[in-house]
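Down below is the structure, laid out as structure tokens.
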Amino acid sequence: MTDLSHTFAAAADKPLLQVKSLTKRYGARIGCADISFDVYPGEVLGIVGESGSGKSTLLSCLAGHMRPDQGEVIFETATGPRDTVQMGEAERRRLARTDWAYVHQNPRDGLRMGVSAGGNVGERLMAIGARHYGGIRDKAIDWLGRVEIDAGRVDDRPSAFSGGMQQRLQIARNLVTAPRLVFMDEPTGGLDVSVQARLLDLLRGLVREMGLSAIIVTHDLAVVRLLADRLMVMKGGHVVEAGLTDQVLDDPQHEYTQLLVSSVLQV
Amino acid sequence: MTDQAYNFAYLDEDTKRMIRRAILKGVAVPGYQVPFASREMPMPYGWGTGGVQVTAACLTPDDVLKVIDQGADDTTNAVSIRKFFVATAGVAVTEATADATIIQTRHRIPEAQLTAGQILVYQVPIPEPLRFLEPRETETRKMHELEEYGLMHVKLYEDIAKHGQIATSYAYPVRVEGRYVMDPSPIPKFDNPKLSGNAALQLFGAGREQRIYAVPPFTHVVSLDFDDHPFSPSKANHACDLCASNTSYLDEVITDDQGGRMFVCSDTDYCATRRAAGHVGALGTPQAAGKAAQ
């Protein structure tokens with residue numbers, strides 16, 4: 001296994017992902033409309049907004065789970081920039097299991113519950129052609145360690161894991177092939193606060209250490225405060241405000257952002 | 001034909017033509033599961049309705065038919081299907097592998113080397129090798145289309161993680177000509193090497209699942225494995241107690257309540273041929289002295 005995570009670090013001046021006027025409608029209703037932004041290598045972009053604001057629709061369109069009605073999603077592949085909306089399904093799915101990763105809100109959506117933890121982590125390796133059992137297993141155990149799961153649990157099924165462990169296992173399963181861009185949909189949703197804090201700590205470490213780019217959809221401002229470099233605020237399918245995270249959160253301009261920031265209880 | 005209650009080999013000519021088209025497509029794309037309009041047959045699903053339809057579509061009046069079930073010519077399933085074709089097609093039947101032109105089989109490949117011109121028809125219960133890993137049929141079709149077969153290795157990984165070795169011993173997944181991953185029907189993995197480079201045409205029929213697939217003669221078929229856990233065909237570590245063969249696939253037969261057991265060839269024709277040639281196993285009696293011990 002060669003480590004591909006640093007191969008593209010030199011291209012940091014070019015955006016990894018360019019989104020141009022992306023629109024998705026559900027019949028007459030708007031999912032998300034006319035959204036444009038860039039993500040640079042090593043950058044973490046947070047997308048916040050209330051329920052129904054189009055965050056998840058946007059993320060699904062970016063990750064290729066849903067086809068947008070208009071717009072381009074240009075990803076800097078190993079062979080140059082490509083519009084992932086126009087590329088064939090075979091190629092897009094290959095991207096999805098090599099350069100991309102997708103962390104679901106509910107780990108049950110992202111894990112195979114009937115397969116052991118080691119098999120879950122190894123699946124992406126086997127999908128890209130790893131055929132050495134010992135090698136796959138060593139790598140799986142290594143990754144379990146990196147997400148703070150005891151190596152002795154490698155043959156246990158995820159159903160025997162706690163919610164926090166399942167989420168960490170899902171992260172290990174996604175990052176094992178050293179993707180360059182990670183999509184996360186509410187990665188800390190449904191976890192209690194202390195587990196959330198540990199998970200965020202872990203994610204922050206991994207993102208920095210691997211030089212990952214990430215797009216994190218959440219309604220939890222603490223998550224973006226800790227992880228995101230830049231922030232987009234969505235409402236009604238439109239981006240209402242965007243900028244550096246601290247700037248947006250400390251000096252919100254749009255009335256919805258002001259409402260959002262002031263809604264958080266200060267403990 | 002007018003004086004008969006049904007057409008030659010039971011199925012009407014249009015149905016046979018439809019099945020032959022599916023077979024031709026299967027032969028053209030080895031390992032690809034071709035959908036076909038499976039008919040109701042006068043036997044329950046699970047008894048070889050797919051294999052019977054493929055056999056019916058291939059039969060000509062000059063064919064010699066052999067039917068085996070788990071290698072044996074004399075079990076219920078084999079006898080009833082053989083009688084079915086004697087009644088509906090009037091073809092000659094045989095138990096000798098070498099004499100047959102069409103062999104319908106359930107869960108075995110005959111021990112004797114098959115030759116060019118022979119057709120081996122498999123009865124297939126579940127044609128989709130990814131079925132128990134990915135329950136959505138739309139998704140498994142997509143996986144075949146895009147050659148996304150990593151999941152198949154996850155199953156083998158789980159085997160090793162749980163049992164220390166690949167414990168899958170039948171219906172062992174294979175890759176055909178480097179393209180499609182195929183379920184070879186529930187044959188023991190002992191038979192898997194015989195799938196590859198076989199001189200006979202191998203056809204697979206799944207009646208309930210409405211799929212036909214094929215392995216043309218001399219097709220390269222590889223059993224999936226790991227570099228450090230290579231595929232190994234397995235059999236009982238014993239010789240046949242009737243014919244003393246060390247190389248054939250064996251059935252274990254319990255003979256009494258005191259733990260008595262014997263191992264016999266699962267391929268009855270192979271065993272009988274060897275006994276007729278004078279081979280005698282540990283519990284057998286010489287052929288000249290009468291019937292071999294059963």
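Charge dipole of the protein assembly as shown (Cα centre as origin; +1 on each Lys and Arg Cβ, -1 on each Asp and Glu Cβ, all else neutral): 620 debye, rounded to the nearest 20. The ratio of the alpha-carbon radius of gyration of segment A:51-201 to the globular-protein estimate 2.2 N^0.38 Å is 1.09. If you look at the Cα atoms of segment A:149-267, you get an Rg and a Dmax of 16.1, 51 Å. Computed over the protein assembly as shown, the per-residue total of -39500 (n - 2.57) for DSSP H runs of n ≥ 4 gives a 222 nm mean residue ellipticity of -9500 deg cm²/dmol, rounded to 500. Once the dipole of segment A:41-137 is set up with Lys and Arg at +1 and Asp and Glu at -1 on Cβ about the Cα centre, which of A:LEU58, A:PRO107, A:THR84 lies farthest towards its positive end? Checking the options against the dipole of segment A:41-137, the answer is A:PRO107.
Ordering B:VAL174, B:GLY278, B:PRO186 by Cα displacement along the dipole of segment B:174-294 toward the positive end leaves B:GLY278 in first place; charges were set at the Cβ atoms of Lys, Arg (+1) and Asp, Glu (-1). Compared with the direct C-alpha span, the chain from B:GLN258 to B:SER169 gains 29.3 nm at full extension, assuming 0.36 nm per residue. Site pair B:LEU146 and A:ASP150 shows an inter-label distance of 3.8 nm when each label is modelled 7 Å from Cα along Cα→Cβ. Arranged from fewest to most other beta-carbon atoms within 10 Å of their beta carbon, A:HIS238, B:HIS144 become A:HIS238, B:HIS144. Highest-first packing order for the peptide set B:5-11, A:216-222 is A:216-222, B:5-11, based on the mean count of other beta carbon atoms within 10 Å.
Got a sec? Which residues in segment A:132-147 would a label at A:ALA197 touch, if it sits 7 Å along Cα→Cβ and we count backbone N under 20 Å? Counting only backbone N, you get A:147. Span-like helix criteria (full DSSP H runs; alpha carbon extent of at least 24 Å along the helix axis; mean Kyte-Doolittle hydropathy of at least 0.5) are satisfied in chain A by A:193-210. Take the Cα of B:ASP74, step 7 Å toward its Cβ, do the same at B:ALA98, and the gap between the two points is 2.1 nm. Legend: residue pairs B:LYS142/B:LYS194; A:LYS14/A:LYS235; B:LYS25/B:LYS194; A:LYS139/A:LYS235; A:LYS139/B:LYS25; A:LYS14/A:LYS55, Cα-Cα distance threshold 31 Å; pairs beyond threshold, A:LYS139/A:LYS235; A:LYS139/B:LYS25. When the charge dipole of the protein assembly as shown is built from unit charges on Cβ atoms (+1 for Lys and Arg, -1 for Asp and Glu) and taken about the Cα centre, the candidate among B:ILE68, A:GLY189, A:HIS238 whose Cα reaches farthest toward its positive end is B:ILE68. Overall, segment B:1-107 carries a charge dipole of about 420 debye about its Cα centre when +1 sits on the Cβ of Lys and Arg and -1 on the Cβ of Asp and Glu, all other atoms neutral. Relative to one another, the C-alpha centroids of segment B:109-125 and segment A:32-60 are positioned 58 Å apart. On the basis of the beta-carbon distance and an R0 of 60 Å, A:ARG67 and B:ALA282 show a calculated FRET efficiency of 0.30. Take every Cα pair under 8 Å whose residues are at least 6 apart in sequence, average their separation, divide by the length of chain A, and the relative contact order is 26 percent.
Placing a pseudo-label 7 Å from each Cα along the Cα-to-Cβ vector at B:ALA244 and A:ALA78 gives an inter-label distance of 5.9 nm. Between B:ASP62 and A:SER162, what's the calculated FRET efficiency when r is the beta-carbon distance and R0 is 56 Å? Round to 0.05. Between B:ASP62 and A:SER162 the formula returns 0.25. Normalised by the number of residues in segment A:1-126, the average gap of Cα pairs under 8 Å and 6 or more apart makes the relative contact order 21 percent. Per-peptide packing, taken as the mean over residues of other Cβ atoms within 10 Å, places B:165-175, A:51-61 in the sequence A:51-61, B:165-175 from highest down. Of all the Cα-Cα pairs you can form in chain B, what percent are over 29 Å apart? Roughly 37 percent, once rounded to a whole number. Rounded to the nearest 20 debye, the dipole size of segment A:140-267 about its Cα centre is 320 debye, using +1 on the Cβ of Lys and Arg and -1 on the Cβ of Asp and Glu.
Each pair of Cα atoms in segment A:28-139 enters the Kirkwood radius, and Stokes-Einstein at 20 °C and 1.002 mPa s then converts it into a translational diffusion coefficient of 130 µm²/s.
Each reported figure results from applying straightforward, stated rules to the coordinates on display, with no laboratory input. If you're wondering where the values come from, they're calculated on a predicted model, not measured in any experiment. Glycine gets a Cβ as well: all are built from the backbone with ideal geometry, and neighbour counts include every protein chain shown.
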